[in-house]
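Worksheet: the structure to be examined is printed underneath.
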Amino acid sequence: MPNFHAKEVVVPKLPAFYGETTFHFKATAARGEELIFVTCKNEDFLLKIQKHKDSYLLKGDKISRPTQVSILQKALRDLRDLCSIQAYNSNIDIFKDRRVEISPYLKKIEYFANEFEEKRDILIEIGFGSGRHLLYQAKKNPNSLIVGIEIHKPSIEQVLKQCELQNISNVLILDYDARVFLEFLPSNSAKQIFVHFPVPWDKKPHRRVMSERFINEAKRVLQPQGTLELRTDSDNYFEYSFFEMMKQKKIEVRVNKNRDLEISSKYEDRWKRQEKNIYDITMYNFEDSPSIAKIEKLRFENPVDFRLLREKFEKKVIRGVDFFAHFEEIFEIDAQSGFLRVSFGGGERNEHNYIYITPSSTAYFPDNVLATKDNVNAHKLIEEILHGTCH
Ligand SMILES: C[S@@+](CC[C@H](N)C(=O)[O-])C[C@H]1O[C@@H](n2cnc3c(N)ncnc32)[C@H](O)[C@@H]1O
């Protein structure tokens with residue numbers, strides 16, 4: 001990521017403008033870490049100044065980073081020039097981002113929360129890895145939409161490139177935790193959900209994609225006759241998933257052993273070479289599920305008194321039954337305004353965010369925290385703590 005070092009940094013009085021960047025204000029933490037709130041190319045984000053022993057590191061803030069690295073690079077160059085900084089160990093003039101950040105196939109979770117509406121049959125593949133099966137399904141079902149969920153960025157890159165090269169137009173890719181994703185889909189909307197060779201997590205079963213909660217959501221999202229299809233080489237995972245699926249009402253579960261599919265993934269080839277057993281469990285849904293409300297952004301009901309919060313602030317983690325909120329750091333803009341850096345969630349997919357507090361408003365920054373079940377629980381806890389009603 002673009003960054004540079006400096007022996008000395010003197011930021012002039014803000015707000016200031018330089019090049020294509022507006023530098024609005026600075027926020028400072030007790031230990032000296034500084035954030036600068038900027039706007040560049042119509043995007044608001046934070047730059048960070050971190051004090052090291054006898055130097056400073058200047059870089060972008062990960063939580064609020066802009067959609068393209070080139071925008072961050074521009075803002076850092078503008079900061080260097082605004083402050084006439086003698087930069088060293090700098091890559092901001094040469095940094096080349098090779099990641100695909102803009103692709104018609106790549107969607108953000110906000111798209112699924114706000115815009116997603118689909119008339120075609122929907123097929124979902126979770127953890128598609130090399131993407132062989134996903135691309136195969138896309139070609140086999142040109143009139144369906146294939147939604148691929150992955151958290152491994154190089155796999156996402158690879159599949160996006162293949163979609164371009166092979167001119168495949170019925171695929172959407174999402175970089176998000178599959179354990180939470182299904183919450184965003186309408187009820188009775190998917191024809192098939194594939195989970196092929198998920199990581200078995202034998203020692204940490206709570207990290208598995210399959211869980212009672214995931215299977216509940218999958219069943220809600222599946223059309224009547226729709227299927228959730230697990231393919232695995234793990235005896236444990238097979239038994240565990242079978243047991244979890246059988247907790248559902250109005251389903252049929254079919255099991256196959258060592259069935260050949262038309263397409264074999266890299267993992268599957270490896271397990272076959274090792275002569276491992278491969279299990280398929282297919283859960284058929286036979287129920288129409290009630291529709292659910294769209295997932296909105298989380299909002300704070302009442303403004304927070306920053307002065308009071310600043311006085312009482314301590315770094316701490318607070319836990320509820322299945323969720324937590326971690327108060328990491330507080331940054332002061334002036335006596336009445338500042339940022340609180342927090343992480344929170346239910347342990348599956350955690351949010352890292354700032355809460356931007358002024359005398360008239362309190363809001364997440366970036367303002368993109370969606371009301372998933374885990375987030376709603378953690379948010380209630382955060383509100384109670386900010387208003388001093390929970391200790
Ligand atoms: C063992 S690989 C299997 C890949 C592919 N399905 C295959 O058969 O070759 C498991 C994949 O699931 C992805 N994965 C693991 N946990 C995930 C999660 N919570 N959400 C989305 N993808 C996940 C991993 O990044 C990895 O690519």
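The values are calculated or read from the model by the stated rules, or taken from the named source; none is laboratory data. Bear in mind the structure is a predicted one, so any value in this text is a computation, not a measurement. Positions of Cβ are backbone-derived with ideal geometry, glycine not excepted, and every protein chain shown enters the neighbour counts.
Of all the residues that make up segment 193-227, how many are among the polar types (S, T, N, Q) and farther than 18 Å from Gln137 by Cβ? Before you say what the answer is, go through the steps one by one.
Here is the first cut: in segment 193-227, the ones among the polar types (S, T, N, Q) are 211, 216, 223, 225, 227.
This time we only want the ones that are farther than 18 Å from Gln137 by Cβ, so: 211, 216.
Of the residues in segment 193-227, 2 are among the polar types (S, T, N, Q) and farther than 18 Å from Gln137 by Cβ.
For residues in segment 186-201 being more than 8 Å from the ligand (Cβ to nearest atom) and more than 19 Å from Leu123 (Cβ to Cβ), which is surrounded by the most Cβ atoms within 10 Å (Cβ to Cβ)?
Pro200
Those residues that are of a type in the set (A, V, I, L, M) and in contact with a Ser or Thr (Cβ under 9 Å, 6 or more places away or on another chain), I need them from segment 260-287; list them, please. It would help to see each step written out before you state the result.
To start, the set of residues in segment 260-287 that are of a type in the set (A, V, I, L, M) comprises 261, 263, 278, 281, 283.
Scanning segment 260-287 gives Ile278, Ile281, Met283.
Please go through segment 266-325 and give me each residue that is within 27 Å of Glu252 (Cα to Cα) and acidic (Asp, Glu), ordered by number.
Looking only at segment 266-325, we keep the residues that are within 27 Å of Glu252 (Cα to Cα), and these are 268, 276-292.
Selection gives Glu268, Asp280, Glu287, Asp288.
One line per residue, one yes/no per condition, for (1) at pLDDT 95 or above; (2) aliphatic (A, V, I, L, M):
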residue: Arg213; (1), (2): no, no
residue: Asn216; (1), (2): yes, no
residue: Thr232; (1), (2): yes, no
residue: Asp235; (1), (2): no, no
residue: Ser241; (1), (2): yes, no
residue: Ile251; (1), (2): yes, yes
residue: Lys266; (1), (2): no, no
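From the list Asp54, Asp81, Asp44, which one is closer than 30 Å to Phe181 by Cβ and in the same structural domain as Lys13 (by TED's automatic domain parsing)? So that I can check it myself, show each step before the final result.
Details: Asp54 fails: closer than 30 Å to Phe181 by Cβ; Asp81 fails: closer than 30 Å to Phe181 by Cβ.
The match here is Asp44.
Quick test of your reading of the structure: Val321 fulfils all but one of (1) modelled with pLDDT under 90; (2) in contact with a Ser or Thr (Cβ under 6 Å, 6 or more places away or on another chain); (3) β-branched (Val, Ile, Thr). Name the failing condition by number.
Only one criterion in (1) modelled with pLDDT under 90; (2) in contact with a Ser or Thr (Cβ under 6 Å, 6 or more places away or on another chain); (3) β-branched (Val, Ile, Thr) is unmet by Val321, namely (2).
Which ones in segment 57-76 are out of contact with any Phe, Trp or Tyr (no Cβ under 9 Å at 6 or more places or on another chain) and buried (at least 18 other Cβ atoms within 10 Å of the Cβ)?
Lys74
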